[in-house]
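Contents: one structure, followed by commentary.
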Amino acid sequence: MSTKKSVLYTLKKNRGSYVSGASLSKDLSLTRTAVWKQINQLKKDGYGIDASPGLGYKLTQVPDRLLPIEIQYNLKTKLFSKEIHYFKEVESTINIVKDLAIKGYPEGTLVVAETQAGGRGRMGRKWFSPYGGIWFSSLMYPKLQPQHATRITITACISLVQAIDEVTGLKSQVKWPNDVLINHKKVAGILIEVDSEPDRIIWLVLSMGINANIDLQEIPQPLRTQVTSLEEAKGEKVDRVFLLKTILKKLEKNYEKVNQGNFNKIFEEWKNLCVGIGKKVKVKTAEKTIEGRAIDFDTNGALVIKLKNGNNQVVQAGDVTIIN
Ligand code: BTN
C-alpha cells in the first residue's frame, strides 16, 4: 500500500477523532516529516484535514471525486478496481481502455473520469458527460464467443440496476437494449466495444454512463426532457463513490455467474425489467425503421418483432419507440 493510502486509510478508520502524528508515524513506520508531507498531499487532493498541535490530524472532509484511493477503500473485489486510472477530464474513457487493451493490461482495469469532452453513446451519438456523473470504462476478457458479447451488456445492466436499488432504493426499468430508466426517463446507458476473432472475443470494453448528480441544465434540448438523474429521482445527491463501488461488487459477482455458465437467471431478471414487450413499437436501426409488435427476445437478447405481414424479424440493435 502506498504511503498516502496508508495515512488516509488510518484517518478514515478514525473518522471523527484525531490521530496523533506520533502514532501515525509509529504505526505506519514513517518519519514525522513523511506523515506531514502526505497530509499536505491529501489536502491538495481536496481532503479536509484538521491539524491541531496538541491532538494530531482529523479527517473532516472527503472530496466529491471518484478518486481511486476512495474507490479502493474497503473494496474487496478481486477483479474490478485493482487497477484504476483516474482523470479529471478525458476525451472518452473508451479510447483510453482500448489503448490499455492493446498493451495487455489486466482484466478489470478501470478508467474513470469526472468529465468527458467527447463522450460517445450508442449508434455514434454524443454522450453528454458533465461533472457529477459516473463515466467509466472497464477492460474485460470474457471467454465468450463474439455472438454472446451481449451477455456482458445484459450482466452489466442488471448489476447497475441492482446497485442503484441497493444504494438509493430507486427501482429502475430497462429500455431495450440497455438504457436504464427511472420514472420513464433515461438515467444511464451501457455500451460495449469488442475486438474479436471469428470464434473468440479478444478484448471487450464495457462502459457505463450514469447521470448521478449531473446538472440536467447541461443536457441540451430536446434530449433534456427524456433524461433524468439519480439526484432528481431521489431528491438528494447520491454518494458517487459508494454507488460505483456497489456497481463493481455486483458486476464482479454477476460476471462470475456468467463465467460459471449461469447466465440464465441474469437474463430472466433483465427480461423482466425490459419495458415494451407486447407493445406496438417502432425500431430505428442503422439501416431502416421497423414497425410491429415487440413479442420477445432471442437467446442473445435481440428483440423479436412481429411484423404486419405476420413474419417475425429479429433486431440486434436499434432505438425503440413504444407506440401503444
Ligand atoms: C448509450 O448510448 O446509452 C451508452 C452511453 C455510454 C456512455 C459511457 S460514459 C463512459 C464511456 N465513455 C464514453 O465515451 N461513453 C461511455
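The values are calculated or read from the model by the stated rules, or taken from the named source; none is laboratory data. This one's a predicted model, so the numbers in the text were calculated from it and none came from an experiment. In this analysis, Cβ positions are derived from the backbone assuming ideal geometry, glycine residues included, and neighbour counts consider all displayed protein chains. All accessible areas refer to the heavy atoms of the entire protein, side chains included, with ligands and DNA or RNA removed. Shrake-Rupley method; radii C 1.70, N 1.55, O 1.52, S 1.80 Å.
Among the criteria (1) assigned to a helix (DSSP H, G or I); (2) without any contact (Cβ under 8 Å) to a residue 60 or more places away in the chain, the one residue 266 does not fulfil is (2).
For (1) surrounded by 13 or more Cβ atoms within 10 Å (Cβ to Cβ); (2) modelled with pLDDT of 95 or more; (3) among the basic types (Lys, Arg), each residue gets a yes or a no:
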position: 57; (1), (2), (3): yes, yes, no
position: 61; (1), (2), (3): no, yes, no
position: 70; (1), (2), (3): yes, yes, no
position: 82; (1), (2), (3): yes, no, yes
position: 98; (1), (2), (3): yes, yes, yes
position: 102; (1), (2), (3): no, yes, no
position: 113; (1), (2), (3): yes, yes, no
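In this structure, does residue 254 turn out to be at pLDDT 95 or above and part of a loop (DSSP other than H, G, I, E, B)? In short, no. Summed over region 21-44, residues that are loosely packed, with under 14 Cβ neighbours inside 10 Å and either among the basic types (Lys, Arg) or not in a helix (DSSP H, G or I) (or both) total 6. Kindly indicate which of 103, 98, 88 is out of contact with any strand residue (DSSP E or B) (no Cβ under 9 Å at 6 or more places or on another chain), over 17 Å from residue 189 (Cβ atoms) and either within 11 Å of the ligand (Cβ to nearest atom) or free of Cβ contacts under 8 Å to residues at least 40 places away in the same chain (or both). The match here is 103.
Would you call residue 174 in contact with a Ser or Thr (Cβ under 7 Å, 6 or more places away or on another chain) and hydrophobic (A, V, I, L, M, F, W, C)? Answer is no for this residue. Residue-level check: of (1) surrounded by fewer than 15 Cβ atoms within 10 Å (Cβ to Cβ); (2) touching a Leu at 6+ places or on another chain (Cβ under 7 Å), residue 278 misses just (2). Among the residues of region 299-322, those that are more than 25 Å from residue 193 (Cβ to Cβ), open to solvent by 80 Å² or more (accessible area, probe 1.4 Å) and outside any strand (DSSP E or B) comprise 308, 309, 311. Within region 1-20, the set of residues being among the hydrophobic types (A, V, I, L, M, F, W, C) and surrounded by 16 or more Cβ atoms within 10 Å (Cβ to Cβ) comprises 7, 8, 11, 19. Within the option set 147, 162, being open to solvent by 30 Å² or more (accessible area, probe 1.4 Å) and under 18 Å from residue 271 (Cα atoms) holds for one residue only, 162.
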